[in-house]
Amino acid sequence: MSSRIFGSGIRRREDPRLITGGATYTDDLTLPGMLYAAMLRSPHAHARITSIDTSAAKQAPGVVAVFTGADVKDALKPVPCAWLLPNSNLKIAAFPAIAVDTVRFVGDIVAVVVAETRHQAYDALELIEVGYSPLPAVIDPVAASRDGAPQLHPDIPRNEAFHWTVAGGDVDAAFAAADVVVKETIVQQRLIPTALETRATLATWGGASGELTVWNTTQNPHIARFVMSAVTGVPEDKLRVIAPEVGGGFGSKIAVYPADFVTLFCSMRIGKPVKWAETRSENYQATTHGRDHVQQVELAAKKDGTILGLRATIHAGMGAYLSTAAPGIPTILHGLMLSAVYQLPALKEDVHGIYTNATPVEAYRGAGRPEATFMLERMVDKLAATLKMDPADVRFKNMIPRFENGHTVITGLSYDSGDYPGGLKKVLDHVKYADLRRQQAEGRAQGRYLGIGLATYVEICGLGPSQVAGAIGFQGGLWESAIVRVHPTGKVHVFIGASPHGQGEETTFAQLVAHEIGVEVNDVKVLHGDTEMSPMGWGTYGSRTTAVGGAALILAARKVRDKAKVIAAHLLEAAVEDMDYADGRFFVKGAPDKAKTIQDIALMANVAWNMPAGVEAGLEASMFYDPPNFAYPFGSHVAVVEVDRETGQIELKRYVALDDCGPQINPVIVEGQVHGGVVQGIGQALWEQAVYDENGQLLTGTMLDYALPRADRLCDIEVIHTVTPSPHHPLGLKGVGEAGTIASTAAICNAVMDALAPLGVETLRMPFTPERVWNAINKA
Ligand code: MCN
């Protein structure tokens, strides 16, 4: 069985505990004497704090302490931004954990109450009197970048956090030589990640021992420890961060937040365990958002559809402060991906990162790559419409041909492997594209508006190597590590530095180890998420856990296998060179009956009664893996929609996702990841948007107002694939965690615009609500 476990769709072992209420999340934890923290958050998007009176709150029942910005400002360093983007004139505004004299977004923390019960803490918040002198606010990044706009930070004119440029080829010559130029202003609206579990922190200070233990809803406990140590001054060796069950993150649990530091501070100051858990409204206000780009784009081409160049200016809203990875998202993860799957000869893009009076942005599933894919895929469709060509033909004409070992694009990135035309052809064959176009034409003749949307993408994932991290200003490493420990009875513990929080690696990583050393998959337990138990790792984001952490694990398992072979040779009195291995059995070549199983060897290695000379006892190996390159998964998605001309309603008729993440460890998990990602991308196209009013109030502050995708609004999502191994991963694997999100927004948008084309609608802003569609039809 073990040799076939790779590629098998076994069920996720995480699920029984997750779906029967058996999982323990941070907010489920209780410690003796534990107190509860509640944050008082600014109701203004921009205001001076003129006074704070906490005296009544301090007298309220059960209240143990109330702290304001003045109390914490010397104890906590500013909340750090960890992506110091080079060549960008980056200006980082100090982000105090609790605002001291100015609030800059609705949700900025103004004070914290610590009480014996959660309700007492919330009740006491209402007794804090804060005097505010409101200031003008600005939410739109383009408006915020203009002279005379409200300025958030005193030394940062036009609110410009950074200005970064990517360029290649002669873009002016490309536009001069063009037969046709298509232009569009695309708004990638702000989105709210909405993980099932909101954020929470439980901190307990060990007093004289100087030890601080923290349970935190984090995607990356080691980064959290690193950052918490820097902000609080507690040395790393005395700080333990545990990520218990974490109920999804989608990027919003990468950062360590002001409320986390404040909770740590409260525990240290009071000397008792303190827990803070946000409400959903707090989550919407103060947990990071995603996207928020205004993209002005021009694409130059010849009249046969050959693309000559791309020019763009992006205003990327950063919110009031720079979150951990924010500067890298519209630049490195977006700007460097603009060649997409195409042979783009010339490019220039200016990215302006702009402070606005909104919640800080951070990675949100796809992070930069959906925004890049959307730009190219929308413009290619516009080009096709202008030239009256089929959008598939324009894509085939410009695509990078199949390559197996490296292709360098104009932005300087070297893609690892890809077959973009092959993927597009396969998905078009699957949907019977010509038939679909025929049905569309017949429908139009009868007044039915069917739309067919294509989107082809390549994404950068498997974030690493670390050397590149240094060059692009990311203040951390990008390697991963793993330990494989085989116990005397042949049962295995695996310790990994990455920290999955819904993706299923407790299952797939057990499959990897079973595949490599031939134990049963159920004999492998995968442990992670505690800085005192798991080896160092840089976290689960950027679809890197399998591409980087999985590689570390495979290589650690192979070290175990190599050692086991040496021990087997010794026990069988054979030369190591004469040994063979299959399915957990080590045998003398040509004599498969003369064999030792991995379990026999595990026992001998652990009792160590009869070991080969010079070989250490134990059967365990560790591996630090820094990949030589990123991994570049890709795919092509097709969406079919029907627009109701009378109501503007959009019905999803069919969705097919073709993704290529190399060989799949577990096709069922891959399918689940693609489903989740596709749905989030569809959410952006059709329903989701963080809406602020002109004063900076978040109007979509609850789940009633923020329109998440619902199952009854979706169609079946068909998942197919091609397999193009990465040349640099030990098993050829690439990531898949974000894949679905990257193409789906563009595919849906292209389908809707295709449906609306005969009605004369040429441009429309997301989300495509019925009202917007109906208005656009009537206006056209
Ligand atoms: N996998 C596989 N074969 C491959 C590639 C991956 O079987 N060739 C499996 C993996 O082993 C893993 C899953 O697919 O079980 C996703 O793996 P990977 O692509 O390595 O992505 P990560 O584990 O690094 O997850 C991060 C990615 C990101 S960036 C976001 S955002 C996201 C996502 O995963 N957030 C999620 N998927 C999520 N799924 C859930 N349930 N919750 C989130 O917060």
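Within the stretch 702-715, can one find any residue that is within 16 Å of the ligand (Cβ to nearest atom) and not in a helix (DSSP H, G or I)?
yes
Tell me yes or no: at least one residue of the stretch 45-56 is hydrophobic (A, V, I, L, M, F, W, C) and closer than 25 Å to residue 273 by Cβ.
no
Give the residues of the stretch 37-80 that are assigned to a helix (DSSP H, G or I) and over 34 Å from the mean Cα position of the chain (by Cα), sorted by residue number.
55, 56, 57, 58, 59, 70, 71
For residue 575, indicate whether it is within 30 Å of residue 461 (Cβ to Cβ), modelled with pLDDT of 95 or more and among the aliphatic types (A, V, I, L, M). Let's see the steps before the verdict.
Working: within 30 Å of residue 461 (Cβ to Cβ): no; modelled with pLDDT of 95 or more: yes; among the aliphatic types (A, V, I, L, M): yes.
Spelling it out, it is not the case that residue 575 is within 30 Å of residue 461 (Cβ to Cβ), modelled with pLDDT of 95 or more and among the aliphatic types (A, V, I, L, M).
Mind listing whichever residues of the stretch 650-675 are open to solvent by 30 Å² or more (accessible area, probe 1.4 Å) and small (Gly, Ala, Ser)?
Answer for the stretch 650-675, where residues must be open to solvent by 30 Å² or more (accessible area, probe 1.4 Å) and small (Gly, Ala, Ser): just 672.
Take the residues in the stretch 192-206 that are of a type outside the set (S, T, N, Q), away from the ligand (no atom under 15 Å from the Cβ) and open to solvent by 30 Å² or more (accessible area, probe 1.4 Å); name whichever of them is modelled with the lowest pLDDT.
That would be 206.
Between 493, 487, 430, which is without any contact (Cβ under 8 Å) to a residue 40 or more places away in the chain and away from the ligand (no atom under 16 Å from the Cβ)? Full working, then the answer.
Details: 487 fails: without any contact (Cβ under 8 Å) to a residue 40 or more places away in the chain; 430 fails: without any contact (Cβ under 8 Å) to a residue 40 or more places away in the chain.
Checking each option against the conditions leaves just 493.
Criterion first (touching a Leu at 6+ places or on another chain (Cβ under 8 Å) and not in a loop (DSSP other than H, G, I, E, B)) does residue 677 satisfy it?
Considered against the rule, which asks whether it is touching a Leu at 6+ places or on another chain (Cβ under 8 Å) and not in a loop (DSSP other than H, G, I, E, B), residue 677 comes out as no.
Inside the stretch 679-701, can you point out the residues that are within 12 Å of the ligand (Cβ to nearest atom) and either surrounded by fewer than 21 Cβ atoms within 10 Å (Cβ to Cβ) or closer than 30 Å to residue 515 by Cβ (or both)?
679
Do we have residue 176 as small (Gly, Ala, Ser) and surrounded by fewer than 20 Cβ atoms within 10 Å (Cβ to Cβ) here?
When the stated conditions are applied, residue 176 passes them.
Tell me which residues, restricted to the stretch 261-274, are open to solvent by 10 Å² or more (accessible area, probe 1.4 Å) and closer than 16 Å to residue 27 by Cβ.
Selection gives 273 alone.
Any idea which of (1) near the ligand (Cβ under 10 Å from one of its atoms); (2) out of contact with any Asp or Glu (no Cβ under 6 Å at 6 or more places or on another chain); (3) open to solvent by less than 10 Å² (accessible area, probe 1.4 Å) is the one residue 546 doesn't satisfy?
That leaves (3) as the condition not met.
Considering only residues that are buried (at least 24 other Cβ atoms within 10 Å of the Cβ) and under 19 Å from residue 422 (Cα atoms), look in the stretch 724-734 and name the one that is nearest to the chain's Cα centre (by Cα).
Of the stretch 724-734, the ones buried (at least 24 other Cβ atoms within 10 Å of the Cβ) are 724, 726, 729, 733-734.
Still in the list and also under 19 Å from residue 422 (Cα atoms): 724, 726, 733-734.
Numbers: 724: 23, 726: 21, 733: 18, 734: 15 Å.
Among residues in the stretch 724-734 that are buried (at least 24 other Cβ atoms within 10 Å of the Cβ) and under 19 Å from residue 422 (Cα atoms), the one nearest to the chain's Cα centre (by Cα) is 734.
State the number of residues belonging to the stretch 735-777 that are among the small types (Gly, Ala, Ser) and surrounded by fewer than 24 Cβ atoms within 10 Å (Cβ to Cβ).
So the answer is 3.
Could we say that residue 554 is within 16 Å of the ligand (Cβ to nearest atom) and either in the same structural domain as residue 519 (by TED's automatic domain parsing) or polar (S, T, N, Q) (or both) here?
Yes, satisfied.
Considering only the stretch 500-520, state which residues are in a helix (DSSP H, G or I) and either more than 13 Å from the ligand (Cβ to nearest atom) or of a type outside the set (Asp, Glu) (or both).
Matches in the stretch 500-520: 507, 508, 509, 510, 511, 512, 513, 514, 515, 516, 517.
Where residues in the stretch 235-288 are hydroxyl-bearing (Ser, Thr, Tyr) and more than 16 Å from the ligand (Cβ to nearest atom), which of them is nearest to residue 499 (Cα to Cα)? Even if it seems obvious, please write down each step before you answer.
Let us first name the residues in the stretch 235-288 that are hydroxyl-bearing (Ser, Thr, Tyr), namely 252, 257, 263, 267, 279, 281, 284, 287-288.
Next cut, more than 16 Å from the ligand (Cβ to nearest atom) only: 257, 263, 267, 279, 281, 284.
Working: 257: 18, 263: 22, 267: 25, 279: 24, 281: 26, 284: 24 Å.
So, considering only residues that are hydroxyl-bearing (Ser, Thr, Tyr) and more than 16 Å from the ligand (Cβ to nearest atom), the one nearest to residue 499 (Cα to Cα) is 257.
In the stretch 627-642, how many are more than 16 Å from the ligand (Cβ to nearest atom) and part of a strand (DSSP E or B)?
Number satisfying all stated conditions: 7.
Which members of the stretch 460-477 meet the condition of being in a loop (DSSP other than H, G, I, E, B) and not polar (S, T, N, Q)?
460, 462, 463, 464, 465, 472, 473, 476, 477
Please list, ordered by residue number, the strands (runs of 3 or more DSSP E) wholly in the stretch 220-331 having 3 or more residues that are charged (D, E, K, R).
Once the strands (runs of 3 or more DSSP E) in the stretch 220-331 are filtered for at least 3 residues that are charged (D, E, K, R), what remains is 290-301.
Restricting attention to the stretch 351-399, which residues are of a type outside the set (Ser, Thr, Tyr), in contact with a Pro (Cβ under 7 Å, 6 or more places away or on another chain) and more than 16 Å from the ligand (Cβ to nearest atom)?
Answer for the stretch 351-399, where residues must be of a type outside the set (Ser, Thr, Tyr), in contact with a Pro (Cβ under 7 Å, 6 or more places away or on another chain) and more than 16 Å from the ligand (Cβ to nearest atom): 351, 353, 354, 380, 381, 384, 396, 399.
Quick one: is residue 570 over 26 Å from residue 739 (Cα atoms), in contact with a helix residue (DSSP H, G or I) (Cβ under 9 Å, 6 or more places away or on another chain) and either touching a residue at least 12 places away in the same chain (Cβ under 8 Å) or assigned to a loop (DSSP other than H, G, I, E, B) (or both)? Talk me through it step by step, then tell me what you get.
Working: over 26 Å from residue 739 (Cα atoms): yes; in contact with a helix residue (DSSP H, G or I) (Cβ under 9 Å, 6 or more places away or on another chain): yes; either touching a residue at least 12 places away in the same chain (Cβ under 8 Å) or assigned to a loop (DSSP other than H, G, I, E, B) (or both): yes.
The answer is yes for residue 570.
Examine the stretch 5-16 for a residue that is in contact with a helix residue (DSSP H, G or I) (Cβ under 7 Å, 6 or more places away or on another chain), modelled with pLDDT under 95 and surrounded by 11 or more Cβ atoms within 10 Å (Cβ to Cβ), and state whether such a residue exists.
yes
The values are calculated or read from the model by the stated rules, or taken from the named source; none is laboratory data. None of the values given here were measured: they were computed from a predicted structure. Every residue, glycine as well, gets a Cβ built from its backbone with ideal geometry; the counts of neighbours run over all protein chains shown. Protein only, heavy atoms only, side chains kept; ligands, DNA and RNA dropped before computing areas. Shrake-Rupley method; radii C 1.70, N 1.55, O 1.52, S 1.80 Å.
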